[in-house]
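A.B. asks: For reference, the structure I am asking about is given below.
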Amino acid sequence: LAGILANSRIMGVMGVLGCLISIAISMWVGIPEAKVADGAYAFNTMLTMMALGGFFIYLDWRAFVYAVIGGVLAMWVYVAVEAILAGSFLPAMVAGFAIVNTIMTYSAKFLGSVRLIDMENLSIPEKSFLKDAPPLPADAS
């Protein structure tokens, strides 16, 4: 996380927030501390929040809310996939991130309230922070 923060303050902050959100939810629902300490819950939430909160989507308050929702969903998808694969010895480590990020990034094209960054412009969020962001449709405000 320190390396991410050194490279991009926005992604570092989104990663820290993802970790804190996953820990808070884990404590709230009573997930055993040993499972939380493994880091898989925080890993999925952190990656999803970094991807949706500035890497694939121009960061503004709407994208921030979208990233938080995605982070929470990624944690729950990971929990579900882990339960489904429990007896099979198949890994579920990045399943929450991969599933939720794919669906939410694709869905962002149709929402109108968040703006996707073109693939050729993907970089650290500081380089695309609302720079050359397409305007929101009039009804999305």
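The values are calculated or read from the model by the stated rules, or taken from the named source; none is laboratory data. Just so it is clear, the model here is predicted, and its values are computed rather than measured. Counting neighbours? That spans all protein chains shown, and the Cβs are built from the backbone with ideal geometry, glycine included. Remember, those area values only see protein heavy atoms, side chains included, never the ligands or the DNA or RNA. Shrake-Rupley method; radii C 1.70, N 1.55, O 1.52, S 1.80 Å.
A.B. asks: Does any residue in the range 108-130 that is among the acidic types (Asp, Glu) come within less than 7 Å, Cβ to Cβ, of a residue that is open to solvent by less than 50 Å² (accessible area, probe 1.4 Å) and not in a loop (DSSP other than H, G, I, E, B) six or more places away or on a different chain, and which pairs are these?
C.D. replies: Listed by first residue and then by second, the contacts come to Glu126/Ile10.
A.B. asks: Restricting attention to the range 106-128, does a residue exist that is open to solvent by 70 Å² or more (accessible area, probe 1.4 Å), among the polar types (S, T, N, Q) and part of a helix (DSSP H, G or I)? Spell out how you get there, then give the answer.
C.D. replies: Our first condition is that a residue be open to solvent by 70 Å² or more (accessible area, probe 1.4 Å); within the range 106-128, this holds for 106, 109-111, 118-121, 127.
From what's left, among the polar types (S, T, N, Q): 121.
Subsequent filtering for residues that are part of a helix (DSSP H, G or I) retains 121.
Yes, the range 106-128 contains a residue that is open to solvent by 70 Å² or more (accessible area, probe 1.4 Å), among the polar types (S, T, N, Q) and part of a helix (DSSP H, G or I).
A.B. asks: Quick check on Thr102: is it surrounded by 14 or more Cβ atoms within 10 Å (Cβ to Cβ) and out of contact with any Asp or Glu (no Cβ under 9 Å at 6 or more places or on another chain)? So that I can check it myself, show each step before the final result.
C.D. replies: Values: surrounded by 14 or more Cβ atoms within 10 Å (Cβ to Cβ): no; out of contact with any Asp or Glu (no Cβ under 9 Å at 6 or more places or on another chain): yes.
No: the conditions fail for Thr102.
A.B. asks: So if I check each of Ala67, Ala6, which one is closer than 24 Å to Asn121 by Cβ and under 10 Å from the mean Cα position of the chain (by Cα)? Can you show your working first?
C.D. replies: Working: Ala6 fails: under 10 Å from the mean Cα position of the chain (by Cα).
The conditions single out Ala67.
Conditions (1) closer than 22 Å to Ala95 by Cβ; (2) modelled with pLDDT of 90 or more; (3) out of contact with any Asp or Glu (no Cβ under 6 Å at 6 or more places or on another chain), marked per residue:
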| site | (1), (2), (3) |
| --- | --- |
| Leu1 | yes, no, yes |
| Asn7 | no, no, yes |
| Ala24 | yes, yes, yes |
| Ala34 | yes, no, yes |
| Ala40 | yes, no, yes |
| Thr45 | yes, yes, yes |
| Leu52 | yes, yes, yes |
| Tyr58 | no, no, yes |
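A.B. asks: Does Tyr78 satisfy the condition of being of a type in the set (Ser, Thr, Tyr), on the phi < 0 side of the Ramachandran plot and within 12 Å of the chain's Cα centre (by Cα)? Let's see the steps before the verdict.
C.D. replies: Details: of a type in the set (Ser, Thr, Tyr): yes; on the phi < 0 side of the Ramachandran plot: yes; within 12 Å of the chain's Cα centre (by Cα): no.
No.
A.B. asks: Touching a Cys at 6+ places or on another chain (Cβ under 7 Å) and either modelled with pLDDT of 90 or more or among the small types (Gly, Ala, Ser) (or both), is that true of Ala80? Please lay out each step first, then the result.
C.D. replies: Values: touching a Cys at 6+ places or on another chain (Cβ under 7 Å): no; either modelled with pLDDT of 90 or more or among the small types (Gly, Ala, Ser) (or both): yes.
For Ala80, the condition - touching a Cys at 6+ places or on another chain (Cβ under 7 Å) and either modelled with pLDDT of 90 or more or among the small types (Gly, Ala, Ser) (or both) - is not met.
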